[in-house]
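The values are calculated or read from the model by the stated rules, or taken from the named source; none is laboratory data. Because the structure is predicted, anything quoted here is derived from the model rather than measured. Neighbour counts run over all protein chains shown; Cβ positions are idealised from the backbone, glycine included. Side chains are part of the model used for accessible areas, which takes the heavy atoms of the whole protein and leaves out ligands, DNA and RNA. Shrake-Rupley method; radii C 1.70, N 1.55, O 1.52, S 1.80 Å.
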Amino acid sequence: MAYMKEVEGKRVHDPLHEKMAKPRCKLVRGPVIVGAGPSGLAAAACLKQRDVPSLILERADCIASTWQHRAYDRLRLHLPKQFCELPLMKFPKNFPTYPTKEDFVSYLQDYANHFDIQPVFNKTVVSAEFDQICGFWRVTTTGSEKEETEYVCQWLIVATGENAEEVVPQFEGMNQFDGTIAHTSVYKSGEKYSGKSVLVVGCGNSGMEVCLDLCGNNARPSLVVRDSVHVLPQQMLGTSTFGLSMWLLNWLPTRLVDHFLLLMSRLMLGDTARFGLNRPQIGPLELKSKSGKTPVLDVGTLAKIRTGNIKVYKAVKRLTRHAVEFVDGKVENFDAIILATGYKSNVPSWLKESDMFSNKDGLPRKPFPSGWKGEGGLYSVGFTKRGLLGTSLDARKIAEDIEPLWKRSLIDSKKYRTC
């Protein structure tokens, strides 16, 4: 293609190019997509539907590595399957309403096969920078043998998502604690914690579900609730709480829907503040919209808290050899600590650009729904804080935006060849 020949020509005549170590260079037709999770697959499928080729670079050895390697065994989708489908392909009809981890991975593998998506695995992107001279992106990767490869492309789609790296808080005395400390990314089941006293730090959906799993494996779990949290029943009035909320939002303002959700939650779950789970000042949907903080959808954990099988504590102050001291002065002994403290974006560590993405949190600076497109052919998918529904919206917009540019480049290429 014309633009690829132009890139090579400018590289050859660049005086700095001769002085630098030369990684293997590959010229890419179409966009480079960084990340082979659901977001990257969705973007590639939407592009393929419009006859736009793409190349996915993935640091792991498989698609959806978070789901395959860093998810606990009992994990299910917290929302009904119809709200978690990727563009252009529905879940199989025989899947349960809330698919298991294995179900979802199977769906993603079938999705990749259906659209003939073939990522390049074991390629960690260490740098992606827009070349102002050439007008193209230079994406540098290291492979399993530490070899460097540079990919040159006209469009770059960031699909590494909001959950690329674990968030590991640092507590005073962590190096003195004799028990095990592990992030939920390496937690598979509570079987090895049987008979042990375990502190779970973090009260999101993962922390709540890990506590429930520990109970089922005869452990003695406790839960750290540092901030206020909305806990809602997973089902209301015979349907999913999420689905009901989306339907009500078609007719009512967010605050009225929030009032309804909180009223139903009070009737079904009782006053959660009695158990140390204080609700935020604003409603769950408004909070989600403003901060991205997701309400907890209860799958049985609250009942265990109510009966005392799961104890609730305030924030951690410090650790000692066998115990944890909390900010309210309480001290309790624990055999293990599990950090359900979530994940974060890793984009600032490799993307040499700060206009579209914030260096602070690695998320697009523009709020949803405007954060999907930057300058110079830069796009993002899966950073909406709205789950797979947001991913699907981004993927469709990106493909629609790139298609005419791709077709124009094909026309220019033909003109170049006839000159």
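Derived value for the chain: Kirkwood hydrodynamic radius 23.5 Å. Basis is the mean of 1/r over every pair of different alpha-carbon atoms.
Relative to the Cα centre, the charge distribution of the chain, modelled as +1 at Lys and Arg Cβ and -1 at Asp and Glu Cβ, gives a dipole magnitude of about 560 debye. Per residue, the accessible area of the chain comes to 49 Å², computed with a 1.4 Å probe over protein heavy atoms only.
Candidates 53, 347, 240 compared by Cα position along the dipole of the chain: farthest toward the positive end lies 240, with charges placed on Cβ.
Helices in the chain, meaning DSSP H runs of at least 4 residues, each add -39500 (n - 2.57). Divided by all residues, the mean residue ellipticity at 222 nm is -9500 deg cm²/dmol.
Projecting the Cα atoms of 79, 406, 31 onto the charge dipole of the chain (Cβ charges, centred on the Cα centre) puts 79 farthest toward the positive pole.
Ligands, DNA and RNA left out, the 1.4 Å accessible surface of region 72-150 is 48% carbon and sulfur atoms.
With a ≥ b ≥ c taken as the square roots of the eigenvalues of the C-alpha gyration tensor of region 158-251, please select rounded if a/c is under 1.5 and otherwise prolate if a/b is larger than b/c or oblate if it is not? In terms of gyration-tensor shape, prolate. Taking region 217-306 on its own, what percent of its Cα-Cα pair distances exceed 22 Å? For region 217-306, the fraction of Cα-Cα distances above 22 Å is 26 percent.
Expressed as a whole percentage, what fraction of the accessible surface of region 260-356 belongs to carbon and sulfur atoms when a 1.4 Å probe is rolled over the protein heavy atoms? Here carbon and sulfur together make up 49 percent of the probe-accessible area. With a 1.4 Å probe and all protein chains kept in place, how much accessible area does residue 267 have, in Å² rounded to the nearest 10? So the heavy atoms of residue 267 present about 130 Å² to solvent.
Heavy-atom accessible area, probed at 1.4 angstrom with all protein chains present, ranks 412, 213 as 412, 213, highest first. Membrane-span-like helices in the chain, defined here as complete DSSP H runs extending at least 20 Å along the helix axis by their C-alpha atoms with mean Kyte-Doolittle hydropathy no lower than 0.5, are 254-269; this is a sequence and geometry rule, not a statement about a membrane.
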